[in-house]
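The block underneath contains the structure these notes are about, expressed in structure tokens.
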Amino acid sequence: MKSANFSCEHLRSTETCITSSSAVFNNLPDLPTYICDDSTRKDLMEITSLATDSTIAVKVSPTMYCVFGKPTTNNPSGYCHVRVTDKEIRCCSKDCKTIMARAKQLKSRKICTHVHILLCLGIIKNDDNGASNTLSSESPIASTHSESSEHVDNNPSSQARNATIELNMRHTLPYCIPSNIVKQAGNIDSINGWPDIFYPSVENCQLCNGILGPSKPHPRTRGNSVLITHLNPFKVIKVHVKSCSNCLAMHQVFPYQLGLFNICDKVLVSFDILLEWRHLFRKGVPISIAIQSKLNAFVDKVEVSPATNELENIANHLYNGFYCFEAITERDLDSVLCGICGITGEVYFGDGNEKNCCDISEIDYSTAVPDQSTEGPIPLEDFLGMLKRRWIECTTYTRCQKFNVNVSDVPPVMAPAIRGNIIYNTEHEKNSVFLKQYGMPSEGDPALLHQMIYNEDISMTELKNYSVDELRELCSSCGISTSQKSQASTSQKWDQ
């Protein structure tokens, strides 16, 4: 469908009446001076170019505007209705679902481009009653990365999010969970059965000691939750939360004594299942495969199973939940290797699946900032704290800001007892095939060099005694270029 063919009852009613020219808007004259983030401005410029022969916005009734936007599957014409009243501003597009309540905080996660267009046209004023509160988190004057730890945001929803994450950062689990806790879920399964509603038992805020409000559903989740145990898979339940009226921290169920782990208030899974996945992970089984296999086995044993899309959603929650479970587990870094999961997968010894190696897809492999501190990357404990916060956020809220860290800031995973005073990360400086796929230079053939070392054609202990000609011959046989600079650098390193 073309945008020119769009029609609705409001537009049809305007065909036979005299419409004020002030109610029809064909462009965005104030776009160059409109205050917004770069992403929003880019979207508005694209919409303006798409609407060269069309109307951008039309006032079709005292409370309704027809606004043009990017065509989508749900809205191929690009046009949608935006209702503007004294109480709220509501975008009717299925892709947006933006609701701005006057004198209240923003209810949706983001102001859509349709509402931005009305803001740019001056139809919605930033200085309306309560508008400053309404637009404080996702308004044109706010950054889209308002949830960044470096950004101070006075929006109530951001305060509540930060307070909730800080509260959940206090949660820890022992590496060896007592057997009576692990068995507790099975005991309840076989004796008493599970309640239909789970809610926090505390009455006072664990951050500020304020009074908590009544229990209520998680404000950012829809529908029911599911309980997953070996004897009771896919039991439909409800999980409620309590919020502090003072610091706004949301208190969630932490059912440790019940032998359960809470994931995003959508899935409660028993510890024995998580521990089973931990052991499979140690044997080299990718955690996604372990989760899918367990869910398939549960589907075979129940009469009524969740729909396919529901199973996919549960699997995603369980994936995040497993890594959060490992991230909040306390362990002695001197007795483990990984530091995140506390285990060494057998893949490292040649007997397992390479997919079980710890991997962070959000690592930025671009060139590091030139003025980076010479002290090296952040301490491992601080980095693990970043990852813990990341996984807690993923298992508390369904929508999270993308995690990103530069490769030069990733510390080597080393036990504290074997670390020096200064830790350097030189992984991103190596010439490797892996780094080449991220646009980093690579030369030579590591396989040839490895084969020569394996066949003992090269003695690593005698390498420092090689002459310059011998080193050049060795590099030439592996396709590695040489220079006087490399020779001087190598000599300097050996002298140290």
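The values are calculated or read from the model by the stated rules, or taken from the named source; none is laboratory data. Source: prediction; values computed, not measured. Counting neighbours? That spans all protein chains shown, and the Cβs are built from the backbone with ideal geometry, glycine included.
Per-structure values
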{"read-out": "Qualifying positions in the range 200-218 - without any contact (Cβ under 8 Å) to a residue 12 or more places away in the chain and part of a loop (DSSP other than H, G, I, E, B)", "value": "S201, E203, N209"}
{"read-out": "Conditions (1) assigned to a loop (DSSP other than H, G, I, E, B); (2) buried (at least 16 other Cβ atoms within 10 Å of the Cβ); number of the one not met by N192", "value": "(2)"}
{"read-out": "Residue, farthest from F234 (Cα to Cα), within the range 279-330, restricted to residues that are among the small types (G, A, S) and under 20 Å from the mean Cα position of the chain (by Cα)", "value": "A327"}
{"read-out": "Every residue from the range 380-404 that is outside any helix (DSSP H, G or I) and in contact with a Phe, Trp or Tyr (Cβ under 9 Å, 6 or more places away or on another chain)", "value": "T395"}
{"read-out": "Top-ranked residue in the range 219-254 [being of a type in the set (D, E, K, R) and in contact (Cβ under 8 Å) with a residue 24 or more places away in the chain; ranked as farthest from S305 (Cα to Cα)]", "value": "K242"}
{"read-out": "Subset tally (residues that are at pLDDT below 70, part of a loop (DSSP other than H, G, I, E, B) and of a type in the set (A, V, I, L, M, F, W, C)) for the range 85-120", "value": "1"}
{"read-out": "Candidate set: the range 265-312, residues that are in contact with a strand residue (DSSP E or B) (Cβ under 9 Å, 6 or more places away or on another chain) and in a loop (DSSP other than H, G, I, E, B); chosen: the one farthest from K216 (Cα to Cα)", "value": "P306"}
{"read-out": "Boolean, F261 is closer than 18 Å to C394 by Cβ, under 23 Å from the mean Cα position of the chain (by Cα) and surrounded by fewer than 21 Cβ atoms within 10 Å (Cβ to Cβ)", "value": "no"}
{"read-out": "Members of the range 26-73 found to be within 32 Å of the chain's Cα centre (by Cα) and hydroxyl-bearing (S, T, Y), listed by number", "value": "Y34, S39, T40, T48, T72, T73"}
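Each row is one residue, and each column tells you yes or no for (1) within 30 Å of V302 (Cα to Cα); (2) at pLDDT below 90; (3) surrounded by 19 or more Cβ atoms within 10 Å (Cβ to Cβ); (4) not hydroxyl-bearing (S, T, Y).
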residue	(1), (2), (3), (4)
G130	no, yes, no, yes
R161	no, yes, yes, yes
I177	yes, no, no, yes
A185	yes, no, yes, yes
T221	yes, yes, no, no
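For (1) surrounded by 15 or more Cβ atoms within 10 Å (Cβ to Cβ); (2) under 14 Å from I123 (Cβ atoms); (3) in contact with a helix residue (DSSP H, G or I) (Cβ under 8 Å, 6 or more places away or on another chain), each residue gets a yes or a no:
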position	(1), (2), (3)
Y34	yes, yes, yes
D37	yes, no, no
R41	yes, no, yes
E46	no, no, no
V58	yes, yes, yes
V67	yes, yes, yes
